[in-house]
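The values are calculated or read from the model by the stated rules, or taken from the named source; none is laboratory data. On a predicted model such as this, the values are computed, not experimentally measured, just so you know. Neighbour counts run over all protein chains shown; Cβ positions are idealised from the backbone, glycine included. Each accessible area value is taken on the protein alone, full model and side chains, heavy atoms only, with ligands, DNA and RNA left out. Shrake-Rupley method; radii C 1.70, N 1.55, O 1.52, S 1.80 Å.
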Amino acid sequence: MAGPLVVVGGNAGGMTAAAEARRGAPDLEIVVLERGEHVSYATCGIPYLVAGEVASEDDLVHHDPASFMRERGIEVRTDAGVAAIDPEARVVTTADGRRQPYGALVIATGARPVRPDIPGIDLPGVVSLRHLPSARGPRRILAAASDPRVVLIGSGPIGVEMAEAALALGARVTIAESRPYAVPALGEEPAARVARALSEAHVEVRTRARVQGIERAGETLEVVIDGDRVPADLVVLGTGVVPEAGLAREAGCATGEAGAIAVDRRGRTSVEGIWAAGDCAVAHHRVLGRPVWIPLATTATAQGRIVGRDVTGRPGRFPGVLGSWVSRFGEVAFGATGIDAAAAAAEGFAPRVVTREGSDRSAYMPGARDVLVRLVWDEATGRLLGGQMAGSGEVSTRLHTVSTAISAGMTIGELAACDFGYAPPLSPLRDPVELAAAAAVGDAA
Ligand SMILES: Cc1cc2nc3c(=O)[nH]c(=O)nc-3n(C[C@H](O)[C@H](O)[C@H](O)COP(=O)(O)OP(=O)(O)OC[C@H]3O[C@@H](n4cnc5c(N)ncnc54)[C@H](O)[C@@H]3O)c2cc1C
């Protein structure tokens, strides 16, 4: 490849692509152009930074720009937002008018928060979380308020993680969720387990809620929810994200699901010499067998690796995603992998669902905790399609088990027949995952 390699966007997708390209091409000139003040930062740590569980913003920066040059010979320019791409001339132009030629271009511009059309949404104290500086407002507001009140709009994983952060700082918390129950991506029974934990922590969850407006009330705010005025020092929007794909679209790159940049399984866009990775791009789904848009850090880094190899002449094939995610509220962990029953039905599967609650170790052992497992499979073939879990016991590794089984194309019967280890303080005789799968195939005794 004739250099240089230029990467637009310096976080999970972009920096992984740059680092992987360096491994394959020790002498290649690599330039990363980042609009913000940081590169290589842990967005996912923001709720824990707000809570004070992570001490400082610096702890969430994996590598500073200078270290990329020193240790890997990668030039990183911050405060260098790219304004335009000319794919014919192979040049990008930054907002300050500087032109940067490229041999290959990786677009890793991520996603941006949705700001719903609610009156008052732009008032100070109404925040979205995305990049590290976005944690500063919430930290300042919560530290300054003597009896802080927080309203979270949306109850996805980030909303619930922020509820935990706000509680840790002594705030009273209200969640407004437009759907019939909180954490809707979990499905009803696992979501009910999280709802119980929220209620026990005195978080007010208003479901089927309509946020009508946000207004100033002296020094603070009031959020009008279904006609009620809920006081708030801080309002956090957890209303989803959209792909940051405008730059690529203007350069002629085709877009796909949700308007994200269309890429093939090598990460190539429809424009010669341009690749894309991360939240700005679609990703192949292992169960659905087609591209989807599921913005996650895991996907961004996996795509970044594939792209970094491809641009340096080491083509791979992106294996695909299951959209696996895990989260936490207090002692209750929860997460999902694969597809839920509604999505399965929409895709033409004949979904069946089984739910079982078990103990994370022998129930008689001190510290035994609950894990609720819900599995979705296709009645016609037995193929495992998805899983959702919640509980105060270990959830994430059990979710990994289900994710692995789906990736391997296992049937629900094959999962039931797996040979898991047993020792009373560590794992029960029949693991909750095994119990659920066994119940599905009529072997629950
Ligand atoms: C609070 C929070 C918690 C999260 N928790 C989790 C979690 O627990 N697990 C998980 O898997 N995912 C989590 N995510 C999602 C995860 O952070 C993203 O999926 C991940 O950061 C995507 O990486 P990316 O590199 O594709 O995009 P981004 O992280 O958005 O990075 C894109 C970069 O491109 C830059 N950029 C954009 N446009 C331009 C331009 N024109 N020129 C130059 N630079 C540009 C941006 O400034 C940004 O730095 C969380 C997200 C948030 C907000």
Among the numbered criteria (1) closer than 16 Å to Pro116 by Cβ; (2) in contact with a helix residue (DSSP H, G or I) (Cβ under 7 Å, 6 or more places away or on another chain); (3) not polar (S, T, N, Q), which one does Ala201 miss?
(1)
Criterion violated by Leu60 - all others in (1) closer than 21 Å to Ile261 by Cα; (2) open to solvent by less than 40 Å² (accessible area, probe 1.4 Å) satisfied
(1)
When the residues of the range 235-256 are narrowed to those that are of a type outside the set (A, V, I, L, M), within 11 Å of the ligand (Cβ to nearest atom) and not in a loop (DSSP other than H, G, I, E, B), which ends up surrounded by the fewest Cβ atoms within 10 Å (Cβ to Cβ)?
Glu250
Scan the range 214-229 and give yes if some residue there is of a type outside the set (Phe, Trp, Tyr) and within 29 Å of Pro351 (Cα to Cα), otherwise no.
no
State all residues of the range 290-341 that are within 13 Å of the ligand (Cβ to nearest atom), closer than 30 Å to Ala380 by Cα, open to solvent by less than 50 Å² (accessible area, probe 1.4 Å) and of a type in the set (A, V, I, L, M, F, W, C); if no residue qualifies, say none.
Trp293, Val321, Leu322, Trp325, Phe334, Ala336
Residue, nearest to the ligand (Cβ to nearest atom), within the range 43-56, restricted to residues that are free of Cβ contacts under 8 Å to residues at least 24 places away in the same chain and not polar (S, T, N, Q)
Gly45
Just wondering, is there one or more residues in the range 370-390 that are more than 13 Å from Ala440 (Cα to Cα), outside any strand (DSSP E or B), open to solvent by less than 30 Å² (accessible area, probe 1.4 Å) and not β-branched (Val, Ile, Thr)?
no
Test Arg35 against the criterion of being more than 17 Å from Ala135 (Cα to Cα), near the ligand (Cβ under 9 Å from one of its atoms) and open to solvent by 60 Å² or more (accessible area, probe 1.4 Å), and give yes or no.
yes
Between a residue in the range 77-99 that is open to solvent by 70 Å² or more (accessible area, probe 1.4 Å) and any residue that is of a type in the set (S, T, N, Q), which pairs come within a Cβ distance under 7 Å, given they are 6 or more apart or on different chains?
Arg99/Thr93
Kindly establish whether Glu88 is closer than 30 Å to Ile141 by Cβ and away from the ligand (no atom under 13 Å from the Cβ).
no
When only residues in the range 130-159 that are open to solvent by less than 30 Å² (accessible area, probe 1.4 Å) and part of a loop (DSSP other than H, G, I, E, B) count, which is farthest from the ligand (Cβ to nearest atom)?
Ala145
Considering each residue of the range 160-175, count those that are of a type in the set (Gly, Ala, Ser), part of a helix (DSSP H, G or I) and either open to solvent by 10 Å² or more (accessible area, probe 1.4 Å) or farther than 20 Å from Val114 by Cα (or both), and give that number.
3
Restricting to the range 98-114, give me the number of residues that are within 14 Å of the ligand (Cβ to nearest atom) and outside any strand (DSSP E or B).
6
In the range 193-216, residue farthest from Ala390 (Cα to Cα) [restricted to those that are out of contact with any Leu (no Cβ under 9 Å at 6 or more places or on another chain) and open to solvent by 60 Å² or more (accessible area, probe 1.4 Å)]:
Gln212
Every residue from the range 217-234 that is among the acidic types (Asp, Glu), surrounded by fewer than 20 Cβ atoms within 10 Å (Cβ to Cβ) and assigned to a strand (DSSP E or B)
Asp228
Output for the range 391-410, where each listed residue is open to solvent by 10 Å² or more (accessible area, probe 1.4 Å), in contact with a Leu (Cβ under 6 Å, 6 or more places away or on another chain) and free of Cβ contacts under 8 Å to residues at least 60 places away in the same chain:
Met410
Matching option when the condition is within 28 Å of Gly387 (Cα to Cα), away from the ligand (no atom under 14 Å from the Cβ) and more than 17 Å from the chain's Cα centre (by Cα), among Val263, Val287
Val287
